[in-house]
Structures are given as structure tokens and as C-alpha cells.
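K.L.:
Let me begin by handing over the structure; questions about it come next.
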Amino acid sequence: MEPSQENVVQAVVIMDLFNNNFSPINKTKPVALLSVAGVPLIDYVLESLGLGGVGETILFCCQDGPTIKEHIKMSKEKKAPWSLTMDVQVIMSETCQTMGDVMREIDAAGLVRGYFVLLGVNSITNVNFASLLEEHKLICKKDKEAAMTLIYKRVSWEHPLIKNNKPLFLAADGNTNKVLIHEKTRSNSNTLQLPLDCILSHSEAKLHHNLVDANIALCSPSVLPLFADNFDFQTRDDFVNGVLINEEILASTLYYKILKENQYAAAITNWKTYQIVSWDILHNWVYPLSIETGSFFQNNYILMENHNFRKITSKLSRSCTLVEDVLIGADTEICDNTTITKTMIDSLIENGTIIAENVNINAGSKLKGAIIECSEEDKNDKNLVKSTSESGTEWENESDGSGDDEFVGFDKVWSDSESCYSSDSSAQSSLPESPVPEDTNIFLQEVIDSLARGYEEKLKCDYLILEINSSRYAYNIQLHEVNFFVIRAMLSMPILVDSKSVLVTVKDILKFFRPILSNYIKTKSSIMDCLRAVEESCIKCDWLEGKAGQILHLLYETDVVDEDSLVEWYDDLKDNESSLVNQTSLVKFFEWLQEASEESEESE
């Protein structure tokens, strides 16, 4: 008798990483088809899900959906082992630009029935998902507000998977494993701050600084609605930080699980972790996922000695030497007197060199520590990145592509035209080359300082308005310029740069400074000044990236801007081909605005 649909374990796999960490390879193929130790990444994921008791998997693709769909179709035709026990659906949506967008799409489509496993296409593991999900359900019986259990693997502090990613600091209740603090730190950070109430409020606290995040989570039915209700949740870290900061408001809690010694879990986040996980696979740490055991239906590898593998179709000269940790791919020929060690001849050639497709390397070339791709102009090999590092792994790449490692200070440029800004906000035209008038720059900084101090010390807005007007007259700033820069200053306050939940902070800022908004933004022209300030802020401020729609929603809900002005401004964006026009949050906001307007007209 087949299990009922309600008892089938569901998994959601996010098929996009939303970064360029695997450039230039991902320019010609999906990350899901990236070859890891000779096997496409997606095949590891599907095999582990099938072996781990999952009965239904949703693969959500934002890019390259047809290619993934064709790969799954071919795998099913070849009777891949996972296809015999697991149903796999490929869902495509080109409008999603973040993991949060994907979760909201899944929620709207009603694709998940209850508890589910959430992981990325870059997660490599041999865990039993079904048993882990049952453990999460037991936690939920004790804590009705439990939303998610995060899965981690404990390793030594010097492990390369930690050294080549942002280290995680996690504090939890020692008795329940309820997460209290979850922070990604800099790899060179020597100090950590622990709030005193974490110690005083719990009889026992556990502190971890040596956990590998495998990008795997066990989710309650409340997770998808939480993403749907909070548009500032764009990544899983946004979700985690948002829940921890607003635990009482969101009525949700988080837990964590550390895997046992014989269980493997890691996420391939960049080229360095790609190399590490590939070697782990060759050393059989991910058993039963192993390229020589035949667990993969396309297996054609021969195990030699010292963790060396070669494809059946490869040709090796009798005088060549494979030392250790070598994988020879299909149709590869190793000639006489060649010695190879710690190398995977797939896309990795020699020490730290990555080569894209359709690249011709001249005879006698010496490539080390380089990323090579084919140039569109001259079709010659192009060195994108070359490190001067003396270490064995010499290619450089950001760990997660989020840009959080380095804060770009407030050093922006505005037009010195009559209005002091341009309504044309395309990537080129909105960043004029002309220098900012010094008085204008000083005025803006003074407004930022006044608002930041007023917000921190909870000063009356009337006093702050007097300060702003005083600065205005001191630097001869026009009224429409004041309207513009007051909004720019609110969206550029230092507290936003360090905020773990930017939109929650923006909402609180707008609420606190409502009297200031009412003082300056009260006419049609001032509303347009406000909207152009939002436009410029969302283009130039890293902390507001992808959040234009949510910020406009906040301004609209608080009656700072009206529908007619919004529509007029949006039309200007389209006419000027602004870089914001196709931003997912902005498109969805105006779709919602139009639907709300139509419903209002029908009710009348």
C-alpha cells in the first residue's frame, strides 16, 4: 500500500545561487550542471534526496529552466535510481531575483503541503532527510512557534570550509538547542560580542564558532507565509536574522541540529569550496555518494590507487604517473612522461587554474592561478583574475557575492543641474561625472548627522526641522533640493548600513520622522522629489539593493506618496530606461497597486 500524499516527504531545491561566484563557467551552463568530481551537481542533490527518504522534490529555476528540465527528462529516461522512488517537478520563473522571491512564488502557487526540506543546489550531503524532518516535527510539538531547524556540521576551526567562507558564530539554549544568536563574521575577526541577557536568561548556553553551514533547513508550514508577509526577507540569512530580531512580533523561533560524525554536509559556495568538496568526494567522505560505487546511473569511472579515478573513455600512457587525488575526465589523453597530482581534468587545469568552454590554450602556455574565458571580441583566452598569493589555491573569488565583506562609504555623486538630480536614472546617466557642489555635499552630510542623532536620542522632530532649515539657509539650498536630500538622508543613515533587517529599520525610521516628512513632502512636486530620491538611493546604496518596491510600499501605506504620483514616476522610469524598471520588488509593487486600484473601482 502506497503512503498517503500527506506522509510523503517534500523537498524544495533552490536551483540558483544569485551570484557570479562560478564565473565564467556559469556563463555557458547552469550551476546545477557544474561537474563536481566528474558528476553534475544536481545529480548529487537528487541522489541524496532519494536515498534520504524524500518522495517529492520541487526544483525551482529562475534561469536556464529548459536546460534543467531536459537534463531531468533524460535522467528519468535512463532510469536514474532517484527517479524510481521520487517524483521531481521543475518549476520555472524568470521574475524571481532572490531566494526570498522564490519562496513567495512557491507560497502563492501552493506547491508545498506542510513540513518540508529546504536546500540549495550547491548542498552536498549523505543525511537521512526523512528522519531529520521527524526530529523537527518533535521540536514543533514542544514549541508551537518553531519555524525552522538549521543543519550544521561541526569541524575544526582550521578546516578549509570555514577558512574559505564567512565563519558563523551561533549561540543557543543549551537545553533545547533554540537559536539565540546567528551571526556571519569576518574570517579575521578576533572578538565576538555576546549580549548579557543571553547568559542571564538561560541556565545553559552553547556557543559555536566552528560550524559548516550546508545550506540545509527543515521547515514548518509557517516558513512560506513568513516570507510572503515580510518582503525584506530576500535570503535565508535575512529570514534567520529577521526571526531572531522580531521573535515576539513574528511569533516564530529557530532551532539547530549538528550532524553526527559519520554524516557529511557542505555547500559549494565558491571555487575554493568546490575544490575542497571535490576532494572529499574522491576520499569517500560522502559515502554512499561515490563515483566508483555505481550509485550514480551514469557512472563510468575506474578507481585506481591513492584516490585516483579515470573515465573509461580516457587514455593514459604507460609512462605517465598519477600521484594522488587525480580525476581524469572523458576523452582525455595523458601523454608520455606526464606526472599529475591533486588535479581534476574536467575544468580545473594545474594549480588553481579555471578554464571556460571554447578556450584555446597555445602550446607552451604556463597558466597558474588564473580564470580564463573566451573573449567575444577576439576569441582569444582572457585572464579575468590572477592572484599573487603564494598559497596552493591561488584563484580569488568572493565567498558569497553578497558584497557584505566591504562597506562602500557614502561618497555619492549628484548632478549640479537646477534640480540637483536627474530623473534619468539609468546605470550611465544617473551617475554623472561632474563633481558635487561642495555646499550641497556638506548640507547632505549635516542632514544625515542631524537625523542620525535625533533618531538615536529620540529628539523631537520640531527641533530637527529647525536644524535642517538652518543648514539650508547657511548653504543656500533650494526647497526642492531640501525635499530630495531629506529623503536621501533618511535612507542613508548609518544604522541602515549595519542593520540585519533593513526594511524593518526603514519602517521604524519613517514612522519616527513622520512629522518631518509631513513638513517637507506635502505637494505634488515635493512628492516627485521624494520619489526621485528613493530612486537614486536604491541605485546607489548597497543596503537598499533589490528593495525599491518595499520602500515605496511603506511610503504609500503611510500616505507620504499617492498613487497618481507613483504611476507618473514609474512611467518616467520606463521612458528613461532606469536600471530599476525590471527590479522584481518594484514590478510586483506596481502590479499590486494596479490590482488594488481595479478592486477599488469595482467596489465603487
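The values are calculated or read from the model by the stated rules, or taken from the named source; none is laboratory data. Owing to the predicted nature of the structure, the values given are computational and were not obtained by experimental measurement. A quick note on method: Cβ atoms are made from the backbone with ideal geometry, for glycine too, and the neighbour counts reach across all protein chains shown. Note: accessible area is taken over every heavy atom of the protein model, side chains too, but ligands, DNA and RNA are not part of it. Shrake-Rupley method; radii C 1.70, N 1.55, O 1.52, S 1.80 Å.
K.L.:
Share of the range 436-603's accessible area from carbon and sulfur, percent, 1.4 Å?
P.N.:
The computed percentage sits at 46.
K.L.:
Evaluate E = 1/(1 + (r/R0)^6) for Ile245 and Ser93, where r is the Cβ-Cβ distance and R0 equals 30 Å; express this FRET efficiency to the nearest 0.05.
P.N.:
Details: r = 29 Å, r/R0 = 0.96.
For R0 = 30 Å, the calculated efficiency reads 0.55.
K.L.:
Also, I was wondering about something else. Check which residues have an amide H placed less than 5 Å from Met344's amide H, if you skip close sequence neighbours.
P.N.:
Placed amide hydrogens put Leu327 under 5 Å from Met344.
K.L.:
Could you list log10 I(q)/I(0) for the range 436-603 at q = 0.16, 0.18 Å⁻¹, which the Debye formula gives when each Cα is one point scatterer?
P.N.:
Per q value, in the given order, log10 I(q)/I(0) is -0.94, -1.18.
K.L.:
Could you derive backbone 3J(HN,Hα) for the range 212-229 from the dihedral phi with the Karplus parameters 6.51, -1.76 and 1.60 (θ = phi - 60°), listing whole Hz in sequence and x where the residue is Gly or Pro?
P.N.:
Couplings: 8, 8, 8, 6, 10, 9, 9, 10, 8, x, 6, 5, 4, x, 5, 5, 5, 8 Hz.
K.L.:
Expressed as a whole number of Å, what is the distance separating the alpha-carbon centroids of the range 194-273 and the range 128-153?
P.N.:
Spelled out, the Cα-based centre of one part sits 12 Å from the other.
K.L.:
Provide, as a two-decimal number, the C-alpha radius of gyration of the range 1-142 over 2.2 N^0.38 Å, N being how many residues it has.
P.N.:
1.05
K.L.:
Further, regarding this structure: For Gln594 and Arg113, compute 0.36 nm times the residue count separating them, minus their Cα-Cα distance, and round to one decimal in nm. Please list the in-between numbers first.
P.N.:
Values: separation 481, 0.36 × 481 = 173.16 nm, distance 3.01 nm.
Separation in residues times 0.36 nm, less the Cα-Cα distance, equals 170.1 nm.
K.L.:
Something else about it: Give me, ordered by chain and number, the residues 5 or more places off His202 or on other chains with an amide H under 5 Å from its own placed amide H.
P.N.:
Counting only residues 5 or more places away or on other chains, the set is empty.
K.L.:
Follow-up question, since we're still on this one. Can you list residues from other chains, or at least 5 along the same chain, whose modelled amide H is less than 5 Å from the amide H of Thr253?
P.N.:
For Thr253, the qualifying residues are Ala146, Ala147, Met148.
K.L.:
Report the extension gain between Glu557 and Thr523 in nm, rounded to one decimal, defined as 0.36 nm multiplied by the number of residues separating them, less their alpha carbon distance.
P.N.:
So the chain would gain 10.5 nm between Glu557 and Thr523.
K.L.:
Next up: Return the sequence-ordered ³J(HN,Hα) values of the range 119-125 in whole Hz as given by the Karplus equation 6.51 cos²θ - 1.76 cosθ + 1.60 applied to θ = phi - 60°, using x for Gly and Pro.
P.N.:
In residue order, the calculated couplings are 8, x, 5, 8, 8, 10, 7 Hz.
K.L.:
Scan the range 60-167 for chymotrypsin sites (Phe, Trp or Tyr not before Pro) in coil per DSSP, keeping those whose Cβ has at most 12 other Cβ atoms within 10 Å, and list them by number.
P.N.:
For chymotrypsin sites (Phe, Trp or Tyr not before Pro) across the range 60-167 that sit outside H, G, I, E and B with at most 12 neighbouring Cβ atoms in 10 Å, the list reads Trp157.
K.L.:
With Kirkwood's inverse mean 1/r over C-alpha pairs for Rh, give me the Rg to Rh ratio of the range 537-604, two decimals please. Numbers along the way, then the final one.
P.N.:
On the way: Rg = 12.5 Å, Rh = 12.7 Å.
Checking Rg against Rh, the ratio lands at 0.99.
K.L.:
Karplus couplings for the range 460-470 from phi (6.51 cos²θ - 1.76 cosθ + 1.60, θ = phi - 60°), rounded to Hz, Gly and Pro as x?
P.N.:
Residue by residue, the range 460-470 yields 5, 5, 4, 5, 5, 4, 4, 5, 5, 5, 4 Hz.
K.L.:
Rolling a 1.4 angstrom probe over the protein heavy atoms, how many square angstrom per residue are accessible across the range 453-604? Before the final figure, lay out each step's value.
P.N.:
Values: 7220 Å² over 152 residues.
Solvent-accessible surface per residue comes out at 47 Å².
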